[in-house]
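Here the structure is laid out as structure tokens; the discussion comes afterwards.
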Amino acid sequence: MAQLDLKQTLPLVADESGGVRIIGSRGTLDTIVDEFKRGATAEQILEDFPSLTLREIYGAIAYYLE
């Protein structure tokens with residue numbers, strides 16, 4: 001039986017000021033989480049931040065929920 005690689009990498013990085021950003025963007029974890037807390041889905045967040053991917057948005061939400 002094939003082994004599954006269950007390790008996932010988060011699309012997040014700490015910036016020089018101590019904030020957490022989406023890798024390769026100016027989008028912050030706080031911004032994504034604030035939208036999510038207001039009831040936005042990942043797809044709705046993507047509409048507001050089209051430079052991000054759904055994977056990045058879901059990764060940020062998963063990190064927050066963990």
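The values are calculated or read from the model by the stated rules, or taken from the named source; none is laboratory data. Values in this document were obtained by computation on a predicted structure and should not be read as measured data. Heads up, the Cβs are rebuilt from the backbone with ideal geometry, glycines too, and the neighbour counts pull from every protein chain shown. These accessible areas exclude ligands, DNA and RNA; they are computed on the full protein's heavy atoms, side chains included. Shrake-Rupley method; radii C 1.70, N 1.55, O 1.52, S 1.80 Å.
Loop-only check: which trypsin sites (Lys or Arg not before Pro) in the chain are DSSP coil with at most 15 other Cβ within 10 angstrom?
When the trypsin sites (Lys or Arg not before Pro) of the chain are filtered for loop state and at most 15 Cβ neighbours within 10 Å, LYS7, ARG26, ARG38 remain.
Mind checking the stretch 14-60 for GluC sites (Glu not before Pro) that DSSP puts in a loop (not H, G, I, E or B) and that have at most 12 other Cβ atoms within 10 Å?
GLU16
Give the average over all directions of the projected area of the C-alpha convex hull of the chain, one decimal, in nm².
Computed as one quarter of the Cα hull surface, the answer is 5.6 nm².
Using 0.36 nm per residue of separation minus the Cα-Cα distance, give me the extension gain between LEU65 and THR53 in nm, one decimal.
2.5 nm is the gain from fully extending LEU65 to THR53.
So with the 1.4 Å probe, I'd like the accessible area per residue for the chain, rounded to whole Å². Write out the running numbers ahead of the final one.
Working: 5130 Å² over 66 residues.
That works out to 78 Å² for each residue.
Carbon-plus-sulfur fraction of the accessible area of the chain, 1.4 Å probe, in percent?
53 percent
Could you state the angle between the C-alpha long axis of helix 54-65 and the longest principal axis of the C-alpha atoms of the chain, as a value from 0 to 90 degrees rounded to the nearest 10?
Approximately 90 degrees, to the nearest 10.
Multiply the residue gap between SER25 and LYS7 by 0.36 nm, knock off their C-alpha separation, and tell me the result in nm, one decimal place.
So the chain would gain 4.2 nm between SER25 and LYS7.
Could you work out the relative contact order of the stretch 1-58? I mean the mean sequence separation of Cα pairs under 8 Å and 6+ apart, divided by the number of residues, in percent.
Contact order relative to length: 23 percent.
To the nearest 20 Debye, how big is the dipole of the chain about its Cα centre, given +1 on the beta carbon of each Lys and Arg and -1 on that of each Asp and Glu? Could you put the intermediate results ahead of the total?
Working: 6 positive and 11 negative charges, 24 e Å.
It works out to roughly 120 debye.
Sequence-distant or interchain residues sharing an amide H contact under 5 Å with LEU12, placed H: which?
Long-range HN contacts for LEU12: ILE23.
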